[in-house]
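The values are calculated or read from the model by the stated rules, or taken from the named source; none is laboratory data. This one's a predicted model, so the numbers in the text were calculated from it and none came from an experiment. Here Cβ is always computed from backbone atoms with ideal geometry, including for glycine, and neighbour counts include all displayed protein chains. The area values use the complete protein model at the heavy-atom level, side chains included, leaving out ligands, DNA and RNA. Shrake-Rupley method; radii C 1.70, N 1.55, O 1.52, S 1.80 Å.
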Amino acid sequence: MLPRIKISYLNGQLGTVGESPDGLFALVCGATAVGGTFELEKAYSVRGMDDLAALGITSEGNPRLYKHVKEFYDEAEEGTELVVYGVAKSAKMTALLDKTSGSARKLVEGQNGRLRGVFVAGDGGTTGSVTEGLDPDVLSALPIAQQLAEWATEELYAPLFVILEGRGYTGEGLRDLSELAYNRVGVLIGDTEVGSEGACVGTLAGRLATLPVQRNAGRVKDGALFPTEMYVGSVKVDEGGSVIAGLYDKGYITPRKYVGRSGYFFTDDRLACDETDDYAHLAHRRVIDKAYRIVYDTLLDMMLDELEVNEDGTLQAGIVKSWQQAVEDALNAGMTASGELSAGDDGEGCVCFIDQTQNVLATSKVAVTVKVRPFGYARYVDVSLGFQVTQAS
């Protein structure tokens, strides 16, 4: 076995019953090639609508791809990088995302670990009879997308998440995503066009690209989304309160309205897994993935380094402390200082622990435990409101 660093995600730790590479996403969408300027299954980096025009992509020739990119830049500033990857309109998500043979693997490999998220959309009708509320291809792609994201994490040290367009939504017999275990995959339902077969993945990607990793996509303080009208199927979001609530309970990401506020917001940032999973939300997923990258990069400098050991083969205290400090310093500088981790009274948002009793001389392994402190999120606010009066004596 080659010398290597292996990082395993801890779970069950939470006890729950601006331009930055953190916001670099790829949009995979069914499309039509354009002469010699835009080829299918080839990655193009764009930073605005002018770059899209230079590729020959128009609203007439590639309506869905154009729409998603346009809505991305409605949310994100021009200059924000987006990787555009066109595929055949007949391509199925299940095949695209296959970690062994799918073209999404080629996309991820070609970006050398830069991608933090992949948004997958189609351009065409459903791929089969809808029996569980969505195009069956979307549902069968869930485990495939999870496997691709896990492969990128374990083999490339480049963790990412995948958002699937909830195509063909009917709402009848909709599968409950909260009963699944895909904590790197989410499904978006809802669009800016009435009766659409797709979803507004460009809007979600654009909003996330503007946010730091710890920020929830539905945060009200960040203001309303750009679209002036949003729908879930043929139902306008303004009139679909019970529908939106039902979709949320089943783990889908959708747009919503708040009484007293103009515009639309995302309900939350749910992923396709149980709510008690530590990584059930995109904000926690993005935080832990950024921490993963920082820990990997820090410990990589220690690979095959000489380590001073005691007579019994254990690490000397100075070595243990220097490793722990290096990891904590990197995480605090890279995340805590910018408000991406919740700092304690000591100003630190993480802890690194190395057991000094492990026999490194005999095993050549150093077991390291790193924990970062995430933020809590006010999903439910209960208020007791009444009159304050003074009783007459």
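ARG184 meets each of the listed conditions (1) crowded, with 23+ Cβ neighbours inside 10 Å; (2) over 17 Å from the mean Cα position of the chain (by Cα); (3) over 30 Å from GLU60 (Cα atoms) apart from (2). Just checking, does segment 308-325 include any residue being within 30 Å of VAL138 (Cα to Cα) and exposed (fewer than 15 other Cβ atoms within 10 Å of the Cβ)? No, there is no match, as no residue in segment 308-325 is within 30 Å of VAL138 (Cα to Cα) and exposed (fewer than 15 other Cβ atoms within 10 Å of the Cβ). Just to verify a result, which residue in segment 219-233, among those that are touching a Pro at 6+ places or on another chain (Cβ under 9 Å) and not aliphatic (A, V, I, L, M), is nearest to PHE72 (Cα to Cα)? Across segment 219-233, the extreme among qualifying residues is PRO227. On the stretch given as segment 143-181, residues that are closer than 23 Å to SER90 by Cα and over 14 Å from the mean Cα position of the chain (by Cα) total 8.
Among the candidates THR363, THR298, the residue that is farther than 30 Å from GLY218 by Cβ and crowded, with 17+ Cβ neighbours inside 10 Å is uniquely THR298. Scanning segment 345-388 for residues that are among the aromatic types (Phe, Trp, Tyr) and modelled with pLDDT under 85 gives TYR377, TYR380, PHE387. I'd like to know if segment 218-226 contains one or more residues that are more than 16 Å from TYR264 (Cα to Cα), at pLDDT 95 or above and within 15 Å of the chain's Cα centre (by Cα). No: zero hits.
Taking each residue of segment 212-234 that is among the acidic types (Asp, Glu) and looking for partners that are not in a loop (DSSP other than H, G, I, E, B) with beta-carbon atoms closer than 8 Å, six or more apart or interchain, yields ASP222/ARG207; GLU229/LYS236.
Every residue, every condition in (1) more than 17 Å from ASP277 (Cβ to Cβ); (2) of a type outside the set (D, E, K, R), yes or no:
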| site | (1), (2) |
| --- | --- |
| ARG167 | yes, no |
| ARG184 | no, no |
| GLY195 | yes, yes |
| ALA199 | yes, yes |
| VAL213 | yes, yes |
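Can you tell which of ALA330, ALA378 is of a type outside the set (S, T, N, Q) and surrounded by 15 or more Cβ atoms within 10 Å (Cβ to Cβ)? Criteria check complete, one pass: ALA330.
For segment 122-149, the set of residues classified as at positive phi and at pLDDT 95 or above is empty. Within the set LYS236, LYS250, LYS257, the sole residue that is under 21 Å from the mean Cα position of the chain (by Cα) and either open to solvent by 20 Å² or more (accessible area, probe 1.4 Å) or at pLDDT 95 or above (or both) turns out to be LYS250. Put simply, of TYR279, TYR231 the only residue that is under 22 Å from PRO159 (Cα atoms) and surrounded by 14 or more Cβ atoms within 10 Å (Cβ to Cβ) is TYR279. Restricting ARG175, ARG207, ARG215 to those that are open to solvent by 10 Å² or more (accessible area, probe 1.4 Å) and closer than 16 Å to VAL69 by Cα reduces the list to ARG207.
Cβ separations smaller than 7 Å between residues 6+ apart or across chains give the following pairs from segment 143-155 residues that are under 18 Å from GLY113 (Cβ atoms) to residues that are part of a helix (DSSP H, G or I): LEU148/ALA104; LEU148/ARG105; ALA152/VAL108.
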